[in-house]
Structure formats: C-alpha cells, structure tokens
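Working notes, structure below.
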Amino acid sequence: MRQAGLAADAGGTEAGMAAQQGSSGRRRGAFDAFDLALRRGTLAGTVDVAKMERAVDRLAPGGGASDVSWRIAGTTDAMGRPALEIRLDGSVPLECQRCLQPFPWPVAQCTTLLLARDERELAVLDAEDDEHEVLLANAPQDAMTLIEDEVLLVLPFAPRCERVACAGAPLVAHDPAAPRASAFAALAGLKNVAAKKAKH
Ligand SMILES: [Zn+2]
C-alpha cells in the first residue's frame, strides 16, 4: 500500500506546493494517474536527490553528484489493470556504515504501482495482489512526490561500500561495547543541544 506524499505533507513542503496551485487548484507537475495509464503516456526528467527535502538526509554530505533520471509510464499489469511503471536510473553518494566514507550508490529501479480509485479498491488490491504495490490515485499525483517516495524506498538503511580496504577493515561496530557507548554519547550530545536551545 502506498499513499504518496504523506511524509511530505507533514513537513514543510505543503506550503510551497499550495503556493504553486493555479486557479484550477491543481498542483504544478500534477497529473491524473488513470489518464496516464489509459493513454500510455510518459513523464520523464532528471532530478538532483540532494535537492529533495526528505531524501537529502540519507545522502553523504558533500559526497558528489546525486542526479537521478526518472520516468513514470502509464501501463497495465498482466491482468489489464491500470498501473504506473516508475523507473529510476542514476547514482547518489551514501556514507558507508563500515568505513564512514562516502561512496557512489547506483540507483537502478523499476517498480509497477497498481492504481486504486478509492480506499475500498486500495484495500482489495492490496489484499489480493502480493506482487505489486498499490497507489491510491483518487486525486492528481505529484510526479516529484512519487519519485522521492521511490528514491526513499530504494536507498539502503545500512549502506556498505565495496572498497577492498573497507572490506578488510574491522567493522566500526565490531566491539560490542563501542556502538552502545557511541549511541549514548550521541544521545547525550543531542540532549545538551536541546538544553542549550531551551535556555535561549
Ligand atoms: Zn566502506
């Protein structure tokens, strides 16, 4: 089950989106997913993931280029149900969780999202189809929100680089006492910051 934009709406992007709404009330870049599926239309472009409000937090800062080309194509699944095929192709810098160095992570993903007209259909499709994700498409979809959701889904939570030196090195968290200590230290640091902020 996928409801695009939930996280974005909770953040600061909604005001910006609202400001972009024209007299028709549609967002700039918004499209009708069912219409796209019916006419087998295609939307495509290139996006810098470092400029995506939610995904940027997952990148290694200053790690290099983070351009990803994307394509949203209207299609149907094998049973003829309307769907969107989302393709991502590019590379983003991630921080290796073993050696803490940035490295380029290849992004190459193709996902098919079945389209649901309402909550009821969303529940039905979700229950009967294990193979595909289902997108609630009862309102215009924002291409950039869909792409950012997809980017967030493909990025690994504990990326590891493939440098020979890194593979041979001991894990950063090898000492069972170390990660615990550092996690607590980090927490303590956060608390200090919070306390300082509270005083101002
Ligand atoms: Zn590494």
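Quick note: the coordinates plus some simple rules give every number you see, no bench work behind them. This one's a predicted model, so the numbers in the text were calculated from it and none came from an experiment. Counting neighbours? That spans all protein chains shown, and the Cβs are built from the backbone with ideal geometry, glycine included.
Mind ordering 145-153, 78-86 by average Cβ neighbours within 10 Å, highest first?
Values: 145-153: 21.6, 78-86: 16.7.
So the peptides 145-153, 78-86, ranked by packing, come out 145-153, 78-86.
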Requested in this report: Would you calculate the separation in nanometres between label points at A158 and S69, each defined as 7 Å from the Cα along the Cα-to-beta-carbon direction?
Outcome: 3.5
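Tell me, what is the FRET efficiency for D77 and Q109 to the nearest 0.05, using R0 = 25 angstrom and their Cβ-Cβ distance as r?
According to the calculation, E is roughly 0.90.
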